[in-house]
Each structure stands twice: as C-alpha cells, then as structure tokens.
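Comments concern the structure below.
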Amino acid sequence: MNIKIAPSMLSADFANLERDLKEVEKNGADYLHVDIMDGHFVPNITIGPDQVAQLRKTVAIPFDVHLMITEPLKYIDQFADAGADIITVHVESDGDIQACLDAIVKKGVRPGLVVSPDTSLEVIKPYLDQLSMILIMCVYPGFGGQSYIPASTEKIRACRQLIGNRSIELQVDGGINFNTLKDVVEAGANVIVSGSCLFKGDMKENIGQFRKIIQR
Ligand code: DX5
Ligand code: ZN
C-alpha cells in the first residue's frame, strides 16, 4: 500500500511558517495537514481561511484541512477558496453532515469525515460511498503532543474492513511517533498525520525514519 505522510502544521514554528512549510515540502511529505480550531468545538484556536490562503502561496504541496469547528458548513466555501485540496469535517460537529459533503464536492475539493475517539464508526456508514478520506482521531482533538490512545488501533482495523475495496484513504491523527507508527500502518492506515514528532529536530531525518519504519 502507498503510505502517505502528512506533517501537522500545528507543531511548526508560527514565527517562521514559510520556512517550515518549505521544509515539509522539500523533504517529500505527501500532504500538509492544516488544523483549524475555533475555540468552541475544541478548547484551542488556530488560524482561519485568510491565513490558509496566504500560506497556500508559499508551497505547492496539497493542503489537507482538518476542520475542528462547531459550524463547518459556514466556512467550507472559504477554506476551499483559500486553496484546500482535502477538507475533513467532524461527524460530531453541529449541522447537516450531508450538506457539508455536498458543499465540499461542489467546490471541487476532496471530502472526508473525522471521528473522535468516543465516536462509533457506525455514524460514517451512511456516507461511505461519497468519501475520499476517513480520519480516525487517535487523541482527543485540540492539542498536539498528546499520547496515542491504544484503543485506536482496533478502530483503524475495523475502519479498514469497512472501507473494503472503496478507494477511501484512511488517515490517522494524534500521538503518531516512532513507537506508534508501525501499529497504525499494520492496522491499515495509509495517511499518517504527525506533528510534534516530525517537527522535533530534523524534518528530513524524521521523515526518513518514518519511511524506514513503514517499509519494515
Ligand atoms: C490534534 C490535531 C493534530 C495534532 C497532532 O487535535 O488534529 O493534527 O497536530 O499532533 P501530534 O502528532 O503531536 O499528536
Ligand atoms: Zn489534525
């Protein structure tokens, strides 16, 4: 399976974002994972569509935009216009999930749904045939640097089963590092988000180390 690496911008140096994003791109990452938090759906705030649009001009790597916001439908067009290539929406957010997926697709962006640790995979079943990506949260959303929740591994495995032969990417986010990477890949994840691990020290070495573990 083709395993993709998506460094999470949340752990970048926000005083040097252009430099850090170029580093991500130069070292062969597949997507840039962009965490959008509204201080309401999660107890943390990051950036909005205007900032994403500015960052979009600095690199060509696909932007994978993870919306941790209460009312995603209100902002989908703006994030699409800002240059998102993939937009994922939490199934726990307020409002009409089908309307969100429709809005994303209408903008020509790849749609995905996210499930938090306490949410059952059952809720995404009705949407499966429309999804380009499913994101399994392996920590409670809101902050980088948390520990991987071990029960996530079984959920990833179950999700891979659920996907069957559909061409849906299975993304994992939260607590992925040199120790947890092997388990999530073996369970069937193919897009690996990692923030604190990849941005600590040398990005090139860290991505190289990730690729080595994935190939084992
Ligand atoms: C958490 C975010 C993650 C976060 C992951 O709510 O969605 O993308 O940046 O950070 P690490 O890899 O440090 O757990
Ligand atoms: Zn994320």
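The values are calculated or read from the model by the stated rules, or taken from the named source; none is laboratory data. Note that the structure is a prediction, hence the values are computed from the model and not measured. When we count neighbours, we look across all protein chains shown, and the Cβ atoms used for this are built from the backbone with ideal geometry, even at glycine.
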> Name the residues in segment 115-128 that are within 15 Å of residue 163 (Cβ to Cβ) and under 16 Å from the mean Cα position of the chain (by Cα), would you?
Replying inline: 115
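Pick out the one residue from 76, 61, 47 that is under 25 Å from residue 101 (Cβ atoms), β-branched (Val, Ile, Thr) and surrounded by fewer than 19 Cβ atoms within 10 Å (Cβ to Cβ).
47
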> For the subset of segment 1-19 comprising residues that are within 13 Å of ligand 1 (Cβ to nearest atom) and not hydrophobic (A, V, I, L, M, F, W, C), which member is surrounded by the most Cβ atoms within 10 Å (Cβ to Cβ)?
Replying inline: 7
> Any idea which of 147, 196 is farther than 19 Å from residue 37 by Cβ and small (Gly, Ala, Ser)?
Replying inline: 147
> Just for segment 150-184: of the residues that are assigned to a loop (DSSP other than H, G, I, E, B), among the aliphatic types (A, V, I, L, M) and surrounded by 16 or more Cβ atoms within 10 Å (Cβ to Cβ), which one is nearest to ligand 2 (Cβ to nearest atom)?
Replying inline: 176
> In this structure, is residue 88 farther than 16 Å from residue 64 by Cα, surrounded by 15 or more Cβ atoms within 10 Å (Cβ to Cβ) and not charged (D, E, K, R)?
Replying inline: no
> Only one residue in 208, 145, 195 is over 24 Å from residue 72 (Cα atoms) and within 13 Å of ligand 1 (Cβ to nearest atom), so which one is that?
Replying inline: 145
> Name the residues in segment 185-215 that are under 15 Å from the mean Cα position of the chain (by Cα) and either on the phi > 0 side of the Ramachandran plot or part of a strand (DSSP E or B) (or both), would you?
Replying inline: 191, 192, 193, 194
> Is it fair to say residue 109 is without any contact (Cβ under 8 Å) to a residue 40 or more places away in the chain, more than 16 Å from ligand 1 (Cβ to nearest atom), buried (at least 19 other Cβ atoms within 10 Å of the Cβ) and more than 23 Å from residue 143 (Cα to Cα)?
Replying inline: yes
> For the subset of segment 52-85 comprising residues that are closer than 23 Å to residue 120 by Cβ and within 15 Å of ligand 1 (Cβ to nearest atom), which member is nearest to the chain's Cα centre (by Cα)?
Replying inline: 66
> residue 47 fails exactly one of the following numbered conditions: (1) within 16 Å of ligand 1 (Cβ to nearest atom); (2) touching a residue at least 24 places away in the same chain (Cβ under 8 Å); (3) of a type outside the set (D, E, K, R). What is the number of that condition?
Replying inline: (2)
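Conditions tested, residue by residue: (1) within 16 Å of ligand 1 (Cβ to nearest atom); (2) at pLDDT 95 or above; (3) more than 22 Å from residue 46 (Cα to Cα).
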position	(1), (2), (3)
122	no, yes, yes
138	yes, yes, no
152	yes, yes, yes
156	yes, yes, yes
>> So, in segment 185-216, exactly how many residues are out of contact with any helix residue (DSSP H, G or I) (no Cβ under 7 Å at 6 or more places or on another chain), surrounded by fewer than 24 Cβ atoms within 10 Å (Cβ to Cβ) and within 13 Å of residue 6 (Cβ to Cβ)?
In response: 2
